[in-house]
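Asks: Take this structure first; my questions come after.
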Amino acid sequence: MESIDSNKNRIFALVDVNNFYVSCERLFRPDLKGKAVIVMSNNDGCAVSRSEEAKALGIKMGMPVFQAKEILGNKELITLSSNYTVYGDISSRFQEVLETLCSDVEVYSIDECFLELTHMAKAKKDLREFAKEIKARVEQWLGLPVCVGIGSTKTLAKVANYLAKEDKSKQGIFLIGQDTEAILTKVPINEIWGIGPAYQSLLASIGVSNAWEFSQLRKNWIRKNMTVVGLRTAYELCGYACYEIDDVPQTKKEIVVARAFGERIHDLDSLIEATCTYLTRAVEKLWREERYARTLTIYIRTDPFKTDEKQYSQSVRVQIPVATRDLFELQNYCIQALKQIYRSDFLYKKSGVMLSALVNEDQIQKDLFYGDSDDRITEAVVGINNRYYTGKIRTAITGFGKRSWRMRRDTISPYFTSNWKDIPVISVDHFMQKDI
């Protein structure tokens, strides 16, 4: 039986889906297996998920799609628009499968979950066998490939997951036990959770290039130059758990919805249509959080990559008298704000809204001279869109029909798991004929 140094008495695992967006697409498109595939960002701009075959061809994360196609020449590359509705649904199922195996699960991101396995280590359970069980169940129930990293802290589990991906001989499972020095020496400083570019430059200036060297720095130097966050990371690499499993979702402090336009726009009406559409998405999220907003911020900007053109960027912050979640009230503020900052001599590339100063219903401060808003229509709009799909019902100001500002997603896959019309149909006759 394999065990991990339990001197610190804590054991964590990080389970991460490989190439998540591409893996989701392959669930319903088996013909994509073994091919170079990338999923593109909003407006089909850059690669945000790559298959192993695409990585092998030299396509980097964030690479513009036109550049990737130029590099590959005649080699086949399959490009897919991102379908976040499907990815979000698969992510929820991924979490649910993990919860059938472990009671302490923290959703860290759309494709990663932390698990606390301390109780299993104390019970002398073979952790490698448990990691195999995780991989097998996720693959059998969902068809997703995962890697499992296990360590005595969340940072070490993250490192272990990185090594599980890098070392193919480990078959997607890596445990960090007592041989920490030898393992951390192989981990570049830029692969440590929480060490960003600024700290990477700082550490490089003093000759620190890997995780082990960082963990051995004097703690008072780390505290002085990298704050308590850097100090916690160093302690975690030494095996002292500073971060707990957080199984309660954090309350949002603000809600932001911003999009780049499919094509640049210059007229105010289109700007209002697009921004009010984003506001509707933000309000739907506000209702899901069961919160009210006291501040609305609107911003617009031109395309910063068009360096030969005049640039303009502006925002306006609206303080709402009484916290609200009424779409129609917020929409009026939004339109007035856009009229205030709009300039007719620019081509706009992006706009966005932010709802902030969020409060619960029992925290709303009433105003003697400002009546309560009636949000029953908004409740109906949000309810219908939640029941069917976002955009099923919307306000007229957001426009109808084809619009040039709408996000470009030319190769988006069907909504396999969230729309009745797109649910895959399997013919039993087909299999019966094959058997015959």
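The values are calculated or read from the model by the stated rules, or taken from the named source; none is laboratory data. Worth saying up front: this structure is predicted, and the values here are computed from it rather than measured. Cβ placement follows ideal geometry from the backbone for every residue including glycine, while neighbour counts extend to all protein chains displayed. Just the protein is used for accessible areas: all its heavy atoms, side chains included, with ligands, DNA and RNA removed. Shrake-Rupley method; radii C 1.70, N 1.55, O 1.52, S 1.80 Å.
Asks: Which of the residues spanning the stretch 300-333 are surrounded by 15 or more Cβ atoms within 10 Å (Cβ to Cβ), touching a Phe, Trp or Tyr at 6+ places or on another chain (Cβ under 6 Å) and farther than 30 Å from Gly383 by Cβ?
Replies: Passing the criteria: Ile300, Thr302, Tyr312.
Asks: In this structure, does Ile195 turn out to be in a loop (DSSP other than H, G, I, E, B), out of contact with any helix residue (DSSP H, G or I) (no Cβ under 7 Å at 6 or more places or on another chain) and modelled with pLDDT under 95?
Replies: Criteria not met by Ile195.
Asks: All but one of (1) under 30 Å from Arg387 (Cα atoms); (2) in contact with a strand residue (DSSP E or B) (Cβ under 6 Å, 6 or more places away or on another chain); (3) part of a strand (DSSP E or B) hold for Ser315; state the number of the condition that does not hold.
Replies: (1) is the only condition that Ser315 fails.
Asks: Of all residues in the stretch 73-100, count the ones that are of a type in the set (A, V, I, L, M) and within 21 Å of Tyr243 (Cβ to Cβ).
Replies: 1
Asks: Also, quick follow-up: Does the stretch 157-170 include one or more residues that are closer than 23 Å to Arg26 by Cα, outside any helix (DSSP H, G or I), open to solvent by 10 Å² or more (accessible area, probe 1.4 Å) and not small (Gly, Ala, Ser)?
Replies: no
Asks: Right, next: Name, by its number, the condition in (1) part of a loop (DSSP other than H, G, I, E, B); (2) surrounded by 13 or more Cβ atoms within 10 Å (Cβ to Cβ) that does not hold for Thr251.
Replies: (2)
Asks: Would you mind finding the one in Ala241, Ala293, Ala258 that is in contact (Cβ under 8 Å) with a residue 12 or more places away in the chain, among the small types (Gly, Ala, Ser) and part of a loop (DSSP other than H, G, I, E, B)?
Replies: Ala241
Asks: Run down Gln340, Gln336 and say which single residue is closer than 19 Å to Val257 by Cα, among the polar types (S, T, N, Q), open to solvent by 100 Å² or more (accessible area, probe 1.4 Å) and at pLDDT 90 or above.
Replies: Unique residue meeting the criteria: Gln336.
Asks: Being touching a residue at least 12 places away in the same chain (Cβ under 8 Å) and aliphatic (A, V, I, L, M) narrows it down to one residue among Ala160, Ala123; which is it?
Replies: The unique qualifying residue is Ala160.
Asks: Considering only the stretch 181-215, how many residues are closer than 23 Å to Glu112 by Cβ, open to solvent by 30 Å² or more (accessible area, probe 1.4 Å) and of a type outside the set (Asp, Glu)?
Replies: Residues meeting the conditions: 8.
Asks: On to the next question. What is the residue count in the stretch 171-180 for residues that are open to solvent by 50 Å² or more (accessible area, probe 1.4 Å) and modelled with pLDDT of 90 or more?
Replies: Selection size over the stretch 171-180: 1.
Asks: (1) under 18 Å from Thr275 (Cα atoms); (2) among the charged types (D, E, K, R); (3) under 27 Å from the mean Cα position of the chain (by Cα); (4) not in a loop (DSSP other than H, G, I, E, B): which one isn't true of Glu329, the others all being true?
Replies: (3)
Asks: Would you point out the residue of the stretch 84-101, among those that are in contact with a helix residue (DSSP H, G or I) (Cβ under 8 Å, 6 or more places away or on another chain) and not hydroxyl-bearing (Ser, Thr, Tyr), that is nearest to Arg408 (Cα to Cα)?
Replies: Applying the filter and picking the extreme gives Val86.
Asks: Please tell me if Tyr84 is of a type in the set (Phe, Trp, Tyr), open to solvent by 50 Å² or more (accessible area, probe 1.4 Å) and closer than 29 Å to Ser152 by Cα.
Replies: Criteria not met by Tyr84.
Asks: Could you check the stretch 348-365 and list, in sequence order, the residues that are modelled with pLDDT under 95 and open to solvent by 30 Å² or more (accessible area, probe 1.4 Å)?
Replies: Within the stretch 348-365, Lys349, Lys350, Ala357, Asn360, Glu361, Asp362, Gln363, Ile364, Gln365 qualify.
Asks: Another question, then. Collect the residues in the stretch 383-422 that are open to solvent by 70 Å² or more (accessible area, probe 1.4 Å) and over 22 Å from Asp44 (Cβ atoms), keeping them in residue-number order.
Replies: Residues satisfying the conditions are Asn386, Arg387, Tyr388, Lys392, Arg394, Ala396, Phe400, Trp420, Lys421.
Asks: Additional query: Restricting the stretch 41-79 to residues that are open to solvent by less than 10 Å² (accessible area, probe 1.4 Å) and touching a Lys or Arg at 6+ places or on another chain (Cβ under 9 Å), which is nearest to Ile412 (Cα to Cα)?
Replies: Ala47
Asks: Can you list residue pairs whose Cβ atoms sit under 6 Å apart, with the first residue in the stretch 191-218 being of a type in the set (Ser, Thr, Tyr) and the second being open to solvent by less than 30 Å² (accessible area, probe 1.4 Å)? Count only pairs 6 or more apart in sequence or on different chains.
Replies: Pairs found: Tyr199/Met226; Ser209/Ile189; Ser215/Ala234; Ser215/Leu237.
Asks: When you scan the stretch 92-147, how many residues do you find that are part of a strand (DSSP E or B), among the small types (Gly, Ala, Ser) and surrounded by 15 or more Cβ atoms within 10 Å (Cβ to Cβ)?
Replies: Count: 0.
Asks: Which of the strands (runs of 3 or more DSSP E) contained wholly in the stretch 22-81 include at least 3 residues that are under 24 Å from Gly143 (Cβ atoms) and of a type in the set (A, V, I, L, M, F, W, C)?
Replies: Here the list reads 37-40.
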